[in-house]
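For reference, the structure is listed below as structure tokens.
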Amino acid sequence: MKKLLILLATLSMFIFSGCSNESNRTVTDREGTEVNIPTKIEKIISTAPSNTEVIMELGLGDKLVAIDKYSTDIQGVNQEIPQIDFSNPDAETIIGLEPDIVIASGHNKTGSAEDPFKAISEAGIPVVYIPSSESIEGIYEDINFISDVVNEKEKGQKIVEDMKSKIDEIKAIGDKIEEEKTVYFEISPSPYLYSFGNNTFLNEMIEIIGAKNIFSGEEGWLSPTEESVINANPDVIITNASYLEDPTEEIKSREAWENITAVKENAVYLVDKNASSRPSQNAIKALTEMAKAIYPEYYGQ
């Protein structure tokens, strides 16, 4: 039954495209792959919360016919539409929804040797990929790409312009700060610490604020030892591990952490988890929270 459904969908797509090539156009997705997509987009499937946040900001929530299970907490999302596990997507379910496009994430390929949406593409449904961006410039490009695909290019440009304006405002202050504070940003708590080094948008945000990530000399996402954090002696500790009952107190109560400057001076702060972990326009919220936590004297309480 599943194979028959895929075959029928493929045949219908070929028939449709043969009747009207003018209804399609070719785009190059964020992985560099050329994809033929409909000119008119009415039904969208989003497979990652960062993409869903952009789609919602563009005012296209009514065009979403399915989302990933992590997008359910995004304000305004229709909770009645299907919520799919895109680490192992069900081709039959997706094809049955008849989307015009699937806006996928590089995270969907994690742990998979094959393209998890291969059967979807073979059925004639266009799939465009957006890898997780490592820079703020990459986030701009993601937003512009999504807005172009869904025919809301001007709205996308406005979102990017607003982001740039806020970042410029914060950077103008950060550039004038002479006594640079050191920062440890904790994504996952003890005993499995998780943080990041250079070539990540969060590291870039710390630099914009006028501070220095204690792991800026390392690359990408990393699992540091407790000793490395203690030896670095950060002035400020930031966490987004909001799933803990009291994440800042958990950090301050750790054995051997009591002599870290951030702990001694009670400079341990929680920032919004979604804003600081999803590469979308909402990263500006995290940037603002981080700026106020690190330098309240410059950015205000």
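The values are calculated or read from the model by the stated rules, or taken from the named source; none is laboratory data. Only a predicted model underlies this, so the values are computations on that prediction, with no experimental measurement involved. Every residue, glycine as well, gets a Cβ built from its backbone with ideal geometry; the counts of neighbours run over all protein chains shown. Surface areas here come from the heavy atoms of the whole protein model, side chains and all, with no ligands, DNA or RNA. Shrake-Rupley method; radii C 1.70, N 1.55, O 1.52, S 1.80 Å.
Some observations on this one:
- Using only side-chain charges placed at the Cβ, +1 for Lys and Arg and -1 for Asp and Glu, the dipole size of the chain relative to its Cα centre rounds to 720 debye.
- Spatial extent of the stretch 137-268: Rg and Dmax, with the Cα atoms as the point set, Å: 17.4, 55
- Relative to one another, the C-alpha centroids of the stretch 277-295 and the stretch 122-141 are positioned 22 Å apart.
- Using the Cα coordinates of the stretch 94-152, the gyration tensor eigenvalues translate into equivalent-ellipsoid semi-axes of 22, 17, 7 Å, sorted from longest to shortest.
- Normalised by the number of residues in the chain, the average gap of Cα pairs under 8 Å and 6 or more apart makes the relative contact order 14 percent.
- By average C-beta atoms within 10 angstrom, highest first, the peptides 94-102, 167-175: 94-102, 167-175
- Think of the chain as a dipole: +1 on every Lys or Arg Cβ, -1 on every Asp or Glu Cβ, centred on the Cα centre; then among Ser276, Ile208, Gly61, Gly61 lies furthest on the positive end.
- Treating r as the C-beta distance of Thr28 and Lys176 and R0 as 51 Å, the FRET efficiency rounds to 0.80.
- Protein accessible area in the chain, 1.4 Å probe - carbon and sulfur %: 48
- Note on Lys292 and Asp168: the model spin-label points, each 7 Å out from Cα along the C-beta direction, lie 2.4 nm apart.
- Tail weight of P(r) past 30 Å, computed on alpha-carbon pairs of the chain, percent: 40
- Based on the reciprocal of the average 1/r between different C-alpha atoms, the Kirkwood radius for the stretch 191-301 equals 14.3 Å.
- Across all directions, the shadow cast by the convex hull of the stretch 34-108 built on its C-alpha atoms averages 5.1 square nanometres.
- Applying a threshold of 19 Å to the alpha-carbon distances of Lys43/Lys153; Lys171/Lys212; Lys69/Lys118; Lys181/Lys264; Lys158/Lys212; Lys181/Lys292 flags Lys69/Lys118; Lys158/Lys212 as lying beyond it.
- 3J(HN,Hα) along the stretch 242-248: 6, 6, 7, 5, 8, x, 6 Hz, from the Karplus curve 6.51 cos²θ - 1.76 cosθ + 1.60 with θ = phi - 60°, whole Hz, x for Gly and Pro.
- In terms of the mean number of neighbouring beta-carbon atoms within 10 Å, the peptides 230-243, 30-43, 151-164 order highest first as 230-243, 151-164, 30-43.
- Ranked by the mean number of other Cβ atoms within 10 Å of their residues, highest first, the peptides 80-88, 178-186 fall in the order 178-186, 80-88.
- The Stokes-Einstein estimate for the stretch 143-188, based on a Kirkwood radius over Cα pairs and taken at 20 °C with 1.002 mPa s viscosity, is a diffusion coefficient of 162 µm²/s.
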